[in-house]
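Enquirer: This is the structure, below, for whatever I ask next.
The values are calculated or read from the model by the stated rules, or taken from the named source; none is laboratory data. It should be emphasised that the depicted structure is a prediction, and the values quoted were computed from it without experimental measurement. Note: ideal-geometry Cβ built from the backbone for every residue, glycine included; neighbour counts use all protein chains shown.
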Amino acid sequence: MDLLNTLLDKGLRRELPTRDEALAVLATSDDELLDVVAAAGKVRRQWFGRRVKLNYLVNLKSGLCPEDCSYCSQRLGSKAEILKYTWLKPDQASEAAAAGLAGGAKRVCLVASGRGPTDRDVDRVSDTIKAIKDQNEGVEVCACLGLLSDGQAERLRDAGADAYNHNLNTSEGTYGDITTTHTYADRVDTVRRAHAAGLSACSGLIAGMGESDEDLVDVVYALRALDPDSVPVNFLIPFEGTPLAKEWNLTPQRCLRILAMVRFVCPDVEVRIAGGREVHLRTMQPLALHLANSIFLGDYLTSEGQAGKADLDMIADAGFEVEGTGEVTLPEHRATAHAGCGSHTDTEAGTGCGSHGGGGCGPCGSTAQETAPEELVQEAVRNSEARTDLVSVRRRGAGTDLAPNA
């Protein structure tokens, strides 16, 4: 395919594809899918080899959020029966993080629901960062606390945070249909604040909320323009009790095309498969490792993920290796320049790569342990029915007395 040869060449040179080329990736047929994966996989291996970075979520404060993000199980008015608890103490958060690090994670993502942190909240998280770093040499810590105000990013950096996550989630044109309590511009401002403070910016998207191909391309180009180091790609988990509970719009093939498009647009950036991979990619998760170089290990914020051992087995069986703490994730040119999505010679303005709402490296929901046949998901798409059998609420780990999944 001329399209794939062109995209492969551009990806190896870190050159931005045209919008029409990005849209064409999403429009490829199932017969062409393996060719798409193979081409994007060569770009992934050029910049990241066969390494897979493992990240681990710790939900510092769950539920009770005043924001109305339609996709989120922690949103204002959510009827999802998730865990609800206030701030974990630093030693509790450090203990939770230790489980993920023991499982092979090299980055801990500290997430708290809410519009944004108060100064007291920043102090709490700063103490937690110190506790984790004191006990775990070489660990990376990413904070995800919502919208930042003046000076807060700098205080988190001084406390030892390495990165800050805040996702764009969807295109600017459709953002108001998803959330009304803050704006797309608010999110862009927070990513820029993190960047300006010297934190590694992490920002991504959520696919499957009923958006068009054009919306997906819009948000990924916007992310490239924001220049994050890490782009989490979430696949909507239609949580019962949220406004988007009946939005079952994704198939494994669609998810792979989206990941491939993100890789072509952001060739040398850490692309992370975040929430929803077990729900929507299911048995095709190993193919997605040829496109993304990063995943979350174990559970998510309010839902259960695949067993940690199953994640590690999947990586090994697919011929990949877990990235060690002594290895630098980003290619040398990006690690040195602390740059973002693609090259700094881009001539086309775009948008960025984001993730799940009001504060979270990962999505508010995630997956059940068992996969479902494709025909069942297709039937759910046709009938727009909630699929409670595919979404398992987290009842272990942070905020409980049960051991975490890592």
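Enquirer: Of the numbered conditions (1) surrounded by fewer than 24 Cβ atoms within 10 Å (Cβ to Cβ); (2) under 23 Å from residue 238 (Cβ atoms), residue 88 fails exactly one; give the number of that condition.
Expert: Unmet condition: (2).
Enquirer: Separate question: As an exercise: evaluate residue 196 against (1) crowded, with 19+ Cβ neighbours inside 10 Å; (2) of a type in the set (Gly, Ala, Ser); (3) farther than 19 Å from residue 289 by Cα and give the number of the one condition it does not meet.
Expert: (1)
Enquirer: Among residues belonging to segment 161-181 that are of a type in the set (Ser, Thr, Tyr) and within 20 Å of residue 112 (Cα to Cα), point out the one that is surrounded by the fewest Cβ atoms within 10 Å (Cβ to Cβ). Spell out how you get there, then give the answer.
Expert: Here is the first cut: in segment 161-181, the ones of a type in the set (Ser, Thr, Tyr) are 164, 170-171, 174-175, 179-181.
With the extra rule that they be within 20 Å of residue 112 (Cα to Cα), the set shrinks to 164, 179-181.
Values: 164: 27, 179: 22, 180: 12, 181: 14.
My answer is 180.
Enquirer: Only one residue in 371, 325, 388 is at pLDDT 50 or above, out of contact with any strand residue (DSSP E or B) (no Cβ under 9 Å at 6 or more places or on another chain) and either surrounded by fewer than 23 Cβ atoms within 10 Å (Cβ to Cβ) or acidic (Asp, Glu) (or both), so which one is that?
Expert: Working: 371 fails: at pLDDT 50 or above; 325 fails: out of contact with any strand residue (DSSP E or B) (no Cβ under 9 Å at 6 or more places or on another chain).
That would be 388, the only listed residue that is at pLDDT 50 or above, out of contact with any strand residue (DSSP E or B) (no Cβ under 9 Å at 6 or more places or on another chain) and either surrounded by fewer than 23 Cβ atoms within 10 Å (Cβ to Cβ) or acidic (Asp, Glu) (or both).
Enquirer: While we're on this one: Can you find, within segment 294-317, the residue that is modelled with the lowest pLDDT among those that are of a type in the set (Asp, Glu) and within 14 Å of residue 406 (Cα to Cα)?
Expert: Of all residues in segment 294-317, those of a type in the set (Asp, Glu) come to 299, 304, 311, 313, 317.
From the residues that got through so far, the ones that are within 14 Å of residue 406 (Cα to Cα) too are 299, 304, 311, 313.
Details: 299: 83, 304: 77, 311: 95, 313: 96.
The qualifying residue modelled with the lowest pLDDT is 304.
Enquirer: Another question about this same structure. Checking residue 149 against (1) under 22 Å from residue 233 (Cβ atoms); (2) at pLDDT 95 or above; (3) not acidic (Asp, Glu), which single condition isn't satisfied?
Expert: Condition (1) is where residue 149 drops out.
Enquirer: In segment 4-19, how many are surrounded by 19 or more Cβ atoms within 10 Å (Cβ to Cβ) and either modelled with pLDDT under 95 or of a type outside the set (D, E, K, R) (or both)? Break it down into steps so the answer makes sense when it comes.
Expert: Of the residues in segment 4-19, the ones surrounded by 19 or more Cβ atoms within 10 Å (Cβ to Cβ) are 4, 7-8, 10-11, 14, 16-17.
Adding the requirement that they be either modelled with pLDDT under 95 or of a type outside the set (D, E, K, R) (or both) leaves 4, 7-8, 11, 16-17.
The total comes to 6.
Enquirer: Further, regarding this structure: Restricting the first residue to segment 182-210 and requiring it to be within 18 Å of residue 114 (Cα to Cα) and without any contact (Cβ under 8 Å) to a residue 40 or more places away in the chain, which pairs with a second residue that is crowded, with 17+ Cβ neighbours inside 10 Å and of a type outside the set (S, T, N, Q) meet a Cβ separation below 6 Å and a spacing of at least six or different chains?
Expert: Hits for this filter: 184/172; 184/175; 186/147.
Enquirer: Anything in segment 49-78 that is outside any loop (DSSP other than H, G, I, E, B) and either among the β-branched types (Val, Ile, Thr) or free of Cβ contacts under 8 Å to residues at least 40 places away in the same chain (or both)? List them, or say none.
Expert: From segment 49-78, those outside any loop (DSSP other than H, G, I, E, B) are 51-62; that's our starting set.
Matches in segment 49-78: 52, 58.
Enquirer: Another one. Just to check your reading of the model, which residue among 218, 268, 229 is over 17 Å from residue 69 (Cβ atoms), touching a Lys or Arg at 6+ places or on another chain (Cβ under 6 Å) and among the acidic types (Asp, Glu)? Even if it seems obvious, please write down each step before you answer.
Expert: Details: 218 fails: touching a Lys or Arg at 6+ places or on another chain (Cβ under 6 Å); 229 fails: touching a Lys or Arg at 6+ places or on another chain (Cβ under 6 Å).
Only one candidate qualifies: 268.
Enquirer: For segment 103-207, list the strands (runs of 3 or more DSSP E) that sit wholly inside it and hold at least 1 residues that are under 19 Å from residue 325 (Cα atoms) and touching a strand residue (DSSP E or B) at 6+ places or on another chain (Cβ under 8 Å); which are they?
Expert: Values: elements: 107-112, 140-144, 163-165, 200-202, 205-207.
Hits in segment 103-207: 107-112, 140-144, 163-165, 200-202.
Enquirer: Okay, next question. Among the candidates 40, 22, 97, 27, single out the residue that is closer than 21 Å to residue 298 by Cβ and either touching a residue at least 24 places away in the same chain (Cβ under 8 Å) or surrounded by fewer than 19 Cβ atoms within 10 Å (Cβ to Cβ) (or both).
Expert: On inspection, the qualifying residue turns out to be 97.
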